[in-house]
Amino acid sequence: MDLEHLIQVIEQVRERVEKYKDVLEQNEAQTRISLIEPLLRAFGWLLEDPFLVRVEVRTNNGAKVDYVLNRSDGRPAIGLEARSLGSKLELASSAVVGYAWELRREEREPKYVGITDGLRWLIAEPYNLRSPVCQVDLGSTQQPIPESVLRLARVFWRRWWVVSEEARSAPSKSALIPLTALRPRVFEQPPRLVVFPDGTRCEPRTKMGPTWRGLLVTVAEWLVSQGKLRPELAPISVHLKSVRYIVNCEPFQQDGAKFRVPFQTSNGLWLDLNLSAMECVRHARRLCQAVGVDPAYVLVER
């Protein structure tokens with residue numbers, strides 16, 4: 001990595017912003033060409049090589065990820081979203097985060113996701129968006145250019161992503177699996193951690209400690225906190241044709257029977273926790289689906 005060259009590139013980026021600010025603020029494509037891509041090249045990324053760099057990658061819902069930077073074995077390393085200069089940077093709602101969660105099903109998600117307007121760079125792990133690993137403003141005079149270079153290099157220097165043959169042939173190991181793939185066995189311990197699409201990380205606990213019931217409670221409370229699980233949506237049944245409720249405004253089933261193990265959520269709804277481990281998982285999935293959240297984007301650590 002040539003530090004002097006990187007400093008020169010950043011100085012050129014600053015000069016372009018001063019000279020063409022009005023153009024760059026109105027044109028994302030120009031921002032990419034004039035500000036973002038020179039920096040990526042300076043960190044060693046060959047933008048013309050589709051094995052290493054893919055552009056305009058489509059997600060399953062039709063959104064586009066501007067750049068996917070690959071490791072030397074072809075697996076995604078960094079997903080990057082571009083914005084025109086001065087745009088609001090909202091990583092949590094960006095297409096690149098959805099792309100990372102889609103690849104999670106194949107255990108091929110990128111290590112980092114980021115968003116930039118060419119001057120401001122915000123980079124985080126896809127499951128921990130609230131704690132960015134890199135936050136840099138190249139236009140700030142309070143942050144020396146060499147310091148900004150080193151911060152960005154921790155993520156973007158391409159040599160970090162050259163994988164040895166030994167590592168390339170090793171099987172991928174990950175403790176995080178989608179809620180849709182969770183199949184509890186008899187006497188199996190409950191998950192230690194739940195990771196939600198916004199990066200929230202929670203232990204599935206009740207007053208009795210980590211339990212499978214705690215998994216359902218944790219998912220329900222997160223849905224409440226997001227404004228998804230609301231009283232007007234109750235009751236929610238186990239499935240569309242079922243008369244058994246997962247959630248109700250009162251702790252009663254449709255036939256008037258009381259919930260055997262009632263639990264009241266923070267917004268006043270009631271869950272029945274008289275469930276097996278597998279039922280807790282199924283009900284957690286069903287709650288997500290009922291309020292429009294894909295349970296495949298809810299991860300658990302076993």
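How tilted is helix 145-156 with respect to the longest principal axis of the chain? Cα atoms for both, answer in degrees (0 to 90, nearest 10). Approximately 50 degrees, to the nearest ten.
Here the Karplus relation 6.51 cos²θ - 1.76 cosθ + 1.60, evaluated at θ = phi - 60°, turns the backbone of segment 225-242 into coupling constants of 5, 8, x, 8, 9, 10, x, 5, 8, 7, x, 10, 8, 4, 8, 4, 9, 8 Hz, with x for every Gly and Pro. Estimate the FRET efficiency between E18 and R159 by the formula 1/(1 + (r/R0)^6), using the beta-carbon distance for r and 25 Å for R0, to the nearest 0.05. That gives a FRET efficiency of 0.20. Compared with the dominant Cα axis of the chain, that is its longest principal axis, helix 95-104 is turned about 60°. Using the Cβ-Cβ distance between Q135 and L3 with R0 set to 25 Å, the FRET efficiency works out to roughly 0.75.
Here L47, L39 are placed in order of increasing Cβ neighbour count within 10 Å, fewest first, which gives L47, L39.
Largest mean-square fluctuation among R285, R185, R75, in a Gaussian network model of the chain whose springs join Cα atoms under 10 Å apart, belongs to R185. Total lysine pairs in the chain at Cα distances under 24 Å, for residues eight or more apart or on different chains: 9. Across segment 114-129, rounded Karplus estimates of 3J(HN,Hα) from the backbone phi angles (6.51 cos²θ - 1.76 cosθ + 1.60, θ = phi - 60°) give x, 9, 8, 10, x, 9, 9, 10, 10, 10, 8, 6, x, 9, 8, 5 Hz, Gly and Pro being marked x. Among L91, L150, L119, the largest mean-square fluctuation in a Gaussian network model of the chain (Cα springs under 10 Å) belongs to L150. Annotation: peptides 56-66, 10-20, ranked by per-residue average of other Cβ atoms within 10 Å with the highest first, follow the order 10-20, 56-66. Between E188 and V238, residue separation times 0.36 nm minus the direct Cα-Cα distance comes to 15.7 nm. Proximity of backbone amide H atoms, modeled 1.01 Å from N, is registered between L193 and E301 at under 5 Å, excluding neighbours fewer than 5 places apart on the same chain. The angle separating the long axis of helix 277-290 from the principal Cα axis of greatest extent in the chain is about 60 degrees. The simple spin-label model puts a point 7 Å past each Cα toward its Cβ; for A29 and V55 those points are separated by 1.0 nm.
Which chymotrypsin sites (Phe, Trp or Tyr not before Pro) from segment 38-75 combine a DSSP loop assignment with at most 15 other Cβ atoms within 10 Å? Taking segment 38-75 and a limit of 15 other Cβ atoms within 10 Å, the loop chymotrypsin sites (Phe, Trp or Tyr not before Pro) found are F51. Rounded if a/c is under 1.5, else prolate if a/b is larger than b/c, else oblate: which is segment 60-168, with a ≥ b ≥ c the root eigenvalues of its Cα gyration tensor? It is oblate, given that a/c is not under 1.5 and a/b is not larger than b/c. When the helices of the chain are scored as -39500 (n - 2.57) per DSSP H run of n ≥ 4 and the total is divided over every residue, the value at 222 nm lands at -9000 deg cm²/dmol. Note on the chain: GNM, Cα springs under 10 Å; of V113, V155, V23, the largest mean-square fluctuation is that of V23. Measuring between their Cα centroids, segment 11-77 and segment 91-142 lie 14 Å from each other.
Values in this text are rule-based calculations from the coordinates and carry no lab data. Nothing here was measured: the structure is a model prediction, and the numbers come from that model. Note that each Cβ is placed from the backbone with ideal geometry, even for glycine, and that neighbours are counted across all protein chains shown.
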